1. Given just the C-alpha atoms of the stretch 253-351, how large is their convex hull per residue in cubic angstrom?
2. If you line up the long axis of helix 30-47 against the longest principal axis of the chain, both from Cα atoms, how many degrees apart are they, to the nearest 10?
3. In Å and whole numbers, how far do the C-alpha atoms of the chain stretch along each principal axis, longest first?
4. How would you order 321-328, 230-237, 307-314 from highest to lowest mean count of nearby Cβ atoms within 10 Å?
5. Suppose every Lys and Arg Cβ carries +1 and every Asp and Glu Cβ carries -1, with no other charges. What dipole size does the chain come out with about its Cα centre, to the nearest 20 debye?
6. Using a 1.4 angstrom probe on the protein heavy atoms only, line up ARG132, ARG158 by accessible area, largest first.
7. Take ASP315 and ASP205, extend 7 Å from each Cα along the Cα→Cβ direction, and tell me the distance between the two endpoints in nm.
8. Would you mind calculating the gained length between THR338 and GLN384 on full extension (0.36 nm times residue separation, minus the Cα-Cα distance), in nm to one decimal?
Amino acid sequence: MRTSHTIATVLLMLPLVAWTSARSQSPLDQRGRRDVVDTIAAQLERVYQDADTGQMIAAHLRQRMAAGAYDADSDPVAFARQLSIDLHAVNDDQHLYVRFSPGAPGTHVGPEGVSIRGDDPPPTSGEIAADRAAHHELGRIDILDGNIGYLEMRGFARLDLARDALVAALRYLESTDAIIIDLRRNGGGDGDLSNFLISHFVGPDSIRSLRVVDRSSHDTLDRYTLATVPGPRRLDVPLYVLTSHGTASAGEDFAFVLHNLGRATLVGTRTVGAGHNNQVVDSGHGFATSISYSKVMDPRTGRQWEHIGVPPDIDVDPEQALVTAHALAVHSLAKHATGVQLATLTLVSEALDAEQHPRAVPRATLMADTGRYDQMAIALRGAQLQYNNRHTMMVSLVTLSDSVFARGATRFVFHHRSSGPTALEVIQPDGRRLQMVGSR
């Protein structure tokens with residue numbers, strides 16, 4: 001996680017990052033490789049978040065250089081890849097990597113080190129284009145059965161670029177009764193956008209949520225939630241956050257803070273454990289190095305998530321995290337619901353439980369249900385019945401019993417008779433029933 005002056009974090013990159021477009025560059029000679037190693041080692045000693053560890057990593061790089069480990073790396077991309085591997089060898093810091101990118105070499109490290117204060121430079125035209133092409137790292141936005149909002153954040157883009165799109169997404173979900181935020185594929189990004197989103201789920205009184213300690217500039221900075229937000233502030237909406245071992249950096253920031261504040265239930269698996277702030281710095285000869293230069297912690301307890309990750313409240317396989325959180329949200333809402341809402345939530349809960357614990361039905365029994373029922377078609381794909389209505393796309397049904405199936409709160413009941421065709425009864429949560437007779 002990198003702080004770009006106001007506790008904003010950059011997208012976590014893989015440790016072996018290198019730009020393949022750089023292969024057209026001239027080969028790197030021994031003197032150039034030594035210059036790069038010496039520069040990176042000095043930068044680690046100067047700004048790495050822990051002085052002793054920075055010296056150990058620097059010494060490891062110099063030892064590798066002296067042993068001839070890089071003698072065959074005339075290709076700058078291969079050299080960057082090997083340096084990244086060696087940077088990880090000492091303490092497996094997920095934010096340490098080297099890339100060869102002559103067009104974007106990173107910032108210069110001055111005598112003052114790297115500062116956590118100040119403003120980011122305006123985004124370049126390339127950054128703006130890349131952000132738009134990635135849709136600001138916003139993924140699927142949906143309303144799930146039971147009026148549960150769903151927002152997938154594949155990363156945290158720059159706040160100044162993604163603000164309006166995120167606010168629009170939150171407004172779309174404004175009338176939902178619970179919200180699930182999916183960070184299972186979120187590798188990090190801008191901590192300012194993380195804080196911006198967090199602030200929509202806490203009160204208007206600013207809350208101290210993170211503390212950053214910068215070793216190189218001997219500075220400490222506390223981050224606070226925002227007193228005002230442009231989108232809907234949802235203080236009491238049940239909130240669920242999905243995590244996986246792919247959740248990293250600013251994604252962990254988001255989960256860490258909401259968990260510490262008791263504001264969200266985390267569902268999934270423990271996160272990566274990339275808990276430092278990092279800055280991409282110019283290491284010369286077209287190389288840029290991401291270096292962790294500050295620690296991030298809970299301001300009240302001093303607890304960090306570096307190396308250990310953020311543990312979930314509900315530990316489940318990430319593939320099952322969404323249906324699990326959906327079921328938790330529906331069950332929570334049902335405790336206070338009445339009338340049709342209660343009936344709907346109860347039916348949705350039953351369907352979600354069946355989805356989590358699939359029931360096997362003989363294929364012959366399922367085949368007996370297929371066919372056309374007035375304007376509705378029932379088909380079998382694999383071991384699952386599907387339906388469409390008036391030639392729409394096929395929709396899967398969840399098996400409740402040999403003859404009862406569900407789509408959310410709607411029930412599909414097949415009545416097999418000793419003589420005559422099978423009948424299908426579709427039951428809505430408000431009690432309305434539609435009966436149809438099947439035909440082949």
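1. Details: hull volume 14.0 nm³, N = 99.
Here the figure is 142 Å³ per residue.
2. It works out to around 80 degrees.
3. 89, 52, 37
4. Numbers: 321-328: 22.4, 230-237: 14.2, 307-314: 17.5.
The most tightly packed comes first, giving 321-328, 307-314, 230-237.
5. Dipole magnitude for the chain comes out near 1180 debye.
6. Values: ARG132 170, ARG158 55 Å².
In descending accessible area the options line up as ARG132, ARG158.
7. Using points 7 Å along Cα→Cβ, the separation is 3.5 nm.
8. Numbers: separation 46, 0.36 × 46 = 16.56 nm, distance 3.23 nm.
Taking THR338 through GLN384 to full extension adds about 13.3 nm, to one decimal.
The values are calculated or read from the model by the stated rules, or taken from the named source; none is laboratory data. Quick caveat: nothing in here was measured; it's all calculated off a predicted structure. Neighbour counts run over all protein chains shown; Cβ positions are idealised from the backbone, glycine included. Please note that ligands, DNA and RNA were not included when accessible areas were found on the heavy atoms of the full protein model with its side chains. Shrake-Rupley method; radii C 1.70, N 1.55, O 1.52, S 1.80 Å.
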